[in-house]
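The values are calculated or read from the model by the stated rules, or taken from the named source; none is laboratory data. All values derive from a computational prediction rather than experimental measurement. FYI the Cβ positions are ideal-geometry reconstructions off the backbone, even for glycines, and counts take in every protein chain you see. Accessible surface areas use protein heavy atoms only, side chains included; no ligands, DNA or RNA. Shrake-Rupley method; radii C 1.70, N 1.55, O 1.52, S 1.80 Å.
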Amino acid sequence: MSATTENQTRTGTIRPFTVPITPEQEIEALRARITATRWPDTELVDDFSQGVQQAVTQELARYWATEYDLRRCEARLSARPNFVTEIDGLDIHFIHVRSPHENALPVIITHGWPGSVIELLNIIDPLTNPTAHGASAADAFDVVIPSIPGYGYSDKPRDLGWGPVRVARAWDELMQRLGYPRYVAQGGDWGAIITDQLGVQAPAGLAGIHSNMAGVVPPDVWLTLVRNVLGAGGPPPSGLSEEESRTFEQLDFFFAKGVGYGVQMGTRPQTMYGLADSPVTLAAWMINHDASSYADIASAFAGHPVGNLTRDEVLDNITFTWLTNTGVSSARLYWENTVGFFDVKGVSVPAAVSVFPNEIYKAPRSWTERAYPNLIYFNEVDRGCHFAAWQEPALFTAELRAAFRSLR
């Protein structure tokens, strides 16, 4: 474990946080609920087009109830230095690991949905201790990984307005409070949107950002895609290159066939009581993401994990969400959101972009250069899905080192 130090700075107190140990009766109750699941009839197709397949879900439930260590996620989190601090009325949980190397670059890394800090655990040591992973001490980072409000151990918002814009402001406050007058930020999924908002706000301490789900879609293309969700879309705007047309087709498929979970959470998150009552409902909802990521998760439960996205890793995240009862509170982020998912946000600070091949869409360089006028790094890698840091931690770490090298 890399060295860690904390102190009280500015107006807020930073407090050590002890990961709570779930009582044994709750662990047994979880196992019993999984085992007692009442199953629907099987889907009528042999693919994912009707939703998460029953064979995948039943194998997940079998492994979850009989072989998986239900305390594994708590043990993994307990092995990290955890803290909380109150910002804007909420206790924000975060992991903070300082590098043993001098002049490490501070980075705040934000998870997404249906993820949590769990999806970022395996990149901490390579980032903070690069010499132990074949890299140079000059590439070291101090790593801060907060839980978005409503997720994990962070407080659940008690008032309205905790969307990405407000979270981004809180993240800058957190970094300043930790004593970092200059830092960089990284994110994927919601983390990408929050990080983009940091780039829009451009606080004095923010040196640059990195995204693995860049917001680059031009306004005319975005308008067509959004209309397609409502069934009123049309053909793509004229003048797109071959690469841009392929990206439009990827996004058009996602908006027409894959974004239903986001529409539900963006309109009626409180309706989903099953996320708090049925662990299998929660699990099925959480793996019901984009088609490529779902295919990799299904492969893991068939005994063929793709990269690091193993069944234990997937269940760590689902179990963590169940034990913290954050299925609905995390979904409310969609309801609170007031910005687009993939469109241009107006980032002005230095920006870096890594494109993973099985992301929801592959950001074309042409759109990326227009979206981020101060683009300092762009690279397309050869493997990895939407959950890039989770599935390919070594490759993801290498991308962050390269992306921020010019800002050191």
Answer with one residue from Phe396, Thr368, Ser348: the one whose Cα lies farthest towards the positive end of the charge dipole of the range 344-408, charges on Cβ with Lys, Arg +1 and Asp, Glu -1.
Ser348
Could you let me know the centre-to-centre spacing of the range 163-214 and the range 314-377, using Cα atoms, in angstrom?
12 Å
What are the ³J(HN,Hα) couplings of the range 92-97, residue after residue, when phi is run through the Karplus curve with 6.51, -1.76, 1.60 and θ = phi - 60°? Round to Hz, x for glycine and proline.
9, 8, 7, 9, 9, 10
Centre separation in Å (Cα based) which lies between the range 141-159 and the range 23-100
17 Å
Need one word for the range 51-197: rounded, prolate or oblate. Basis is the Cα gyration tensor (sqrt eigenvalues a ≥ b ≥ c); a/c below 1.5 gives rounded, then a/b vs b/c decides.
oblate
Given the protein chains as shown and a 1.4 Å probe, how many square angstrom of Tyr273 are accessible, to the nearest 10?
150 Å²
Using Cα-Cα distances under 8 Å and only pairs 6 or more residues apart, what relative contact order does the range 167-209 have, in percent?
47 percent
222 nm [θ] for the chain, helices only, -39500 (n - 2.57) per DSSP H run of 4+, per residue, to 500?
-11500 deg cm²/dmol
Local electrostatic count, Phe320, Cβ distance below 14 Å [Lys/Arg +1, Asp/Glu -1]:
-3
By the C-alpha gyration tensor axes a ≥ b ≥ c (rounded if a/c is under 1.5, else prolate when a/b exceeds b/c, else oblate), the shape of the range 300-361 is oblate
Whole-Hz ³J(HN,Hα) from phi, Karplus 6.51 cos²θ - 1.76 cosθ + 1.60, for the range 173-180, glycine and proline x
4, 4, 5, 5, 5, 6, x, 10
Any GluC sites (Glu not before Pro) in the range 81-158 that lie in a DSSP loop and have at most 10 other Cβ atoms within 10 Å would be Glu102
Stick to Cα atoms and the Kirkwood definition of Rh, then tell me Rg/Rh for the range 93-144.
1.00
If a paramagnetic tag sat 7 Å from the Cα of Arg15 along the Cα-Cβ line, which residues of the range 320-338 would have the backbone N under 20 Å from that point?
324-325
Table column - 3J(HN,Hα) (Hz), the range 134-142, Karplus curve with 6.51, -1.76, 1.60, x for Gly and Pro:
x, 10, 9, 4, 5, 9, 6, 10, 8
Antiparallel DSSP beta bridges within the chain, as percent of all bridges there, nearest 5:
40 percent
By the C-alpha gyration tensor axes a ≥ b ≥ c (rounded if a/c is under 1.5, else prolate when a/b exceeds b/c, else oblate), the shape of the range 304-408 is oblate
Using DSSP to call loops (not H, G, I, E or B), can you name the trypsin sites (Lys or Arg not before Pro) in the range 155-194 whose Cβ has at most 14 other Cβ atoms within 10 angstrom?
Arg158, Arg182
For the range 224-267, give the percent of accessible area contributed by carbon and sulfur heavy atoms, probe 1.4 Å, rounded to a whole number.
54 percent
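Under a 1.4 Å probe, what is the accessible area of the chain per residue, stated in Å²?
Working: 16070 Å² over 408 residues.
Counting only protein heavy atoms, the per-residue value for the chain is 39 Å².
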With all protein chains present, how much of the accessible area of the range 56-110 (probe radius 1.4 Å) comes from carbon and sulfur, to the nearest whole percent?
43 percent
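When only C-alpha pairs under 8 Å and at least 6 residues apart count, what is the relative contact order of the range 83-148, in percent?
45 percent
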Tell me which residues come under 5 Å, amide H to amide H, from Ile14 once H is placed; ignore anything under 5 positions away on its chain.
Thr9
